1. Below 22 Å, Cα to Cα, which lysines can Lys34 reach? Residues fewer than 8 away in the same chain don't count.
2. What list do you get for Ile52, Ile65, Ile35 if you sort them by fewest beta carbons within 10 Å?
3. Using only the Cα atoms, work out Rg/Rh for segment 31-124, with Rh taken as the Kirkwood radius, to two decimals.
4. Take the Cα of Thr37, step 7 Å along the line toward its Cβ, and report every residue of segment 85-125 whose backbone nitrogen sits under 16 Å from that point.
5. Once you put a point 7 Å from the Cα of Thr68 and another 7 Å from the Cα of His30, both along the Cβ direction, what distance in nm separates them?
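Throughout, read-outs are computed from the coordinates displayed, never taken from laboratory work. All of these numbers come straight from a predicted model, not from anything done at the bench. Here the Cβ is made from the backbone with ideal geometry for all residues, glycine too, and neighbour counts use every protein chain on show.
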Amino acid sequence: MTVVRRFARTVTHGAVATALLAAATLAQAHAYPKIRTPAADTTVVAPHEVSIEFDDAVEPAFTSITVTDAHGATVSTGKTVADAHDAKRVSVPVGELRSGPYTVAWVAVAADGHRTEGHYVFNVK
């Protein structure tokens, strides 16, 4: 094998290893819901708050939860607050919820600045 081929192979292997390492680092840099209360696709007694525990610490100033009813009206009654003892957990108070479906929309900014967002539905009996 020529020196040029060995060099090209080494450079290629190095580039692949760097790309894999970068992908693994990016995958760990985002906060995703770990525990949702109420949980997605469940039917529950009307809660007084909705909370989400993420798999990574979040920046409270840039993380939010909004709860809306079947007509799109906001039923969350206050600001999203961070748990003082757990940097991964945030919650929002909700008003008196009637029977029906509710959508929880969330935005999370991880401690390293990466933003994720999503939504899910739960039902009140």
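1. Lys34 reaches Lys79, Lys88.
2. Working: Ile52 25, Ile65 22, Ile35 12.
So the residues, fewest neighbours to most, are Ile35, Ile65, Ile52.
3. On the way: Rg = 12.5 Å, Rh = 13.1 Å.
Checking Rg against Rh, the ratio lands at 0.95.
4. It comes to 85-94, nothing else.
5. Distance between the two pseudo-spin positions: 2.2 nm.
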